[in-house]
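Structure, as structure tokens:
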Amino acid sequence: MRTPRPAGAALLLSGAALLLAGCGLEPSTAYVPAAEPGSIQPVEGAEGTEVKVTSKNFTEQLILGKIAVLAVEAAGFETEDLTNVPGSQPVRELMLSGDADLTLEYTGTAWLTYLGHEQGIPDQQEQWQAVHDEDLGNGLTWGAPAALNNTYAMAVRTEYAEANGLETVSDIAELPVAERTFCVEAEFNSRSDGLTPLLAHYGLDRGSEVPEDNIGIYDTGAIYSATDSGECNFGEVFSTDGRIPALDLTVLEDDRQFFPAYNAAPVFNTELLQEFPALEEVLEPISQALTDDVMQELNRQVDVEGRDPADVAYEWMLSEGFIVEA
């Protein structure tokens, strides 16, 4: 049996709820579409057992959190929907304290932010294994990683990429100096794993081969529109952002593996998983189906079309056959 949850975790959760209320946001517990099991089959002994599912409060995390809620319910568990928690650290604390049982987290976030390592591991499988092994000591078990890797990337408008034969970040070096123009955030411009070391990693000297006049500093959202309009040829983006397909941008392959891996994966309370090991099997095919392209499209439906993350998650789960309509 799982150990009781400490009172401190309940206080933390209450604080998160108050913060949500103070921001004028409602917790994401208000709406989960009803569904029945599809390819997900009920887990023996699940009936009457509550699983608390949590997530952060940005679009992709809300969608992933709702996917997890729907999966757990289809497997026969009762759920408490603790998605829409403001920030990474509160979600991490809920998991460490045992006041949440399941979340979908990013390998790079855990490695760099939670576990305190200074450098990420670009190889996706190696990064997952390293996080998996270290977090076992914290009472958390990482399930199979998804293909989706929400890391930094360089994007270019598709027509320009096709006209210039651009497929990889290495291809930027084949362009004339005047064409090597970049739109980046202020943080990415100065961070130790940002633009300057990226250019160096790909054999480009900042200053001579990429002049300072070729680099524009933008707010995050403005980078996408500036790249689309041609204000710059290469924009720093997040690889699963829904604005990439909406604006018909192309993400260049990080062929020399500079950016750390940020694959999403289910993270379980180890005691829960020991009690119900089949729960990991419930989430694994979902992880396999979540790719960068899939996540871009799901994010696009929320961020561009304004749809509810729960509806987007529900329809995707239906389309994949994991659940059926109630």
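Quick check for me: using +1 on Lys/Arg Cβ and -1 on Asp/Glu Cβ, what's the dipole size of the chain about its Cα centre, in debye to the nearest 20?
760 debye
Whose amide H sits under 5 Å from the amide H of Thr79, counting only residues 5 or more places off or on another chain, with H placed in the peptide plane?
Excluding prolines and chain starts, which carry no amide H, the hits are Val51.
Taking θ as phi - 60°, what are the ³J(HN,Hα) couplings along the range 234-250 by the Karplus curve (6.51, -1.76, 1.60), each to the nearest whole Hz, with x for Gly and Pro?
Coupling constants for the range 234-250: 10, x, 6, 10, 9, 5, 10, 5, x, 6, 5, x, 4, 9, 6, 9, 10 Hz.
Using per-residue counts of other Cβ atoms within 10 Å, averaged over each peptide, order 44-50, 74-80 from highest down.
Answer by packing, highest mean first, reads 74-80, 44-50.
Of all beta bridges DSSP finds with both residues in the chain, what is the antiparallel percent, to the nearest 5?
60 percent
Given the Cα-Cα distance of Glu212 and Gln288 and 0.36 nm per residue of separation, how much length would full extension add, in nm?
Length difference between fully extended and current span is 23.2 nm.
What number, rounded to the nearest 500 deg cm²/dmol, is the helix-based mean residue ellipticity at 222 nm of the chain, given -39500 (n - 2.57) per DSSP H run of at least four residues and division by all its residues?
The per-residue figure over the chain is -11500 deg cm²/dmol.
Could you give each residue of the range 124-140 its phi-based ³J(HN,Hα) in whole Hz, using Karplus coefficients 6.51, -1.76, 1.60 with θ = phi - 60°, and x for Gly or Pro?
With coefficients 6.51, -1.76 and 1.60, one gets 5, 5, 5, 5, 4, 5, 5, 5, 3, 5, 6, 6, 4, x, 9, x, 10 Hz.
Order 266-279, 173-186, 206-219 from most to least packed using the mean count of other Cβ atoms within 10 Å.
266-279, 173-186, 206-219
Could you order Ser190, Ser97 by accessible surface area, starting with the largest, using a probe radius of 1.4 Å?
Result of the area sort, largest leading: Ser190, Ser97.
Please state the relative contact order of the chain as a whole percent: Cα pairs under 8 Å, 6+ residues apart?
Here the relative contact order equals 27 percent.
For Ala261, enumerate residues with amide H under 5 Å from its amide H, sequence gap 5+ or separate chain, H modeled in the peptide plane.
Ile121
Once the dipole of the range 179-304 is set up with Lys and Arg at +1 and Asp and Glu at -1 on Cβ about the Cα centre, which of Asn233, Pro266, Ala278 lies farthest towards its positive end?
Highest projection toward the positive end goes to Asn233.
Work out, step by step, the length gained on full extension between Asp311 and Glu159: first 0.36 nm times the residue separation, then minus their alpha carbon distance; give nm to one decimal.
51.4 nm
How much of the accessible area of the range 63-146, in percent, comes from carbon and sulfur atoms when a 1.4 Å probe is used?
Of the solvent-accessible surface of the range 63-146, carbon and sulfur hold 45 percent.
Along Cα→Cβ, 7 Å out, is where each label goes; now give me the distance between the ones at Leu175 and Glu187 in nm to one decimal.
In this crude label model, Leu175 to Glu187 measures out at 2.5 nm.
Taking each pair of different alpha-carbon atoms in the chain once, compute 1/r for the pair, average those values, and report the inverse of that mean as the Kirkwood hydrodynamic radius in Å to one decimal.
The Cα-based Kirkwood calculation yields 20.8 Å.
Give the angle, between 0 and 90 degrees and rounded to the nearest 10, that separates the Cα long axis of helix 7-22 from the longest principal axis of the Cα atoms of the chain.
Around 60 degrees separate the two axes.
Hey, with R₀ at 22 Å, roughly what FRET efficiency would Asp255 and Asn138 work out to, going by the Cβ-Cβ distance, to 0.05?
0.05
From the phi of every residue in the range 170-185, what ³J(HN,Hα) in whole Hz does the Karplus formula 6.51 cos²θ - 1.76 cosθ + 1.60 yield, where θ is phi - 60° and glycine or proline is x?
In residue order, the calculated couplings are 4, 5, 4, 5, 7, 7, x, 3, 5, 8, 8, 10, 10, 10, 9, 6 Hz.
Ignoring ligands, DNA and RNA, what accessible area per residue does the chain give at 1.4 Å, in Å²?
42 Å²
Taking amide H atoms as placed 1.01 Å from N in the peptide plane, list the residues 5 or more away in sequence, or in a different chain, whose amide H sits under 5 Å from that of Ile215.
Phe182
Specify which residue in the list Ser97, Pro245, Gln41 is farthest towards the positive end of the charge dipole of the chain, using unit charges on the beta carbon of Lys, Arg (+1) and Asp, Glu (-1), about the Cα centre.
Value computed over the given set: Ser97.
The values are calculated or read from the model by the stated rules, or taken from the named source; none is laboratory data. From a predicted model like this one, the values you see are computed outputs, not experimental measurements. Don't worry about glycine lacking a Cβ; one is built from the backbone with ideal geometry, like all the others, and counts go over all protein chains shown. Ligands, DNA and RNA are excluded from the accessible area calculation, which covers all protein heavy atoms including side chains. Shrake-Rupley method; radii C 1.70, N 1.55, O 1.52, S 1.80 Å.
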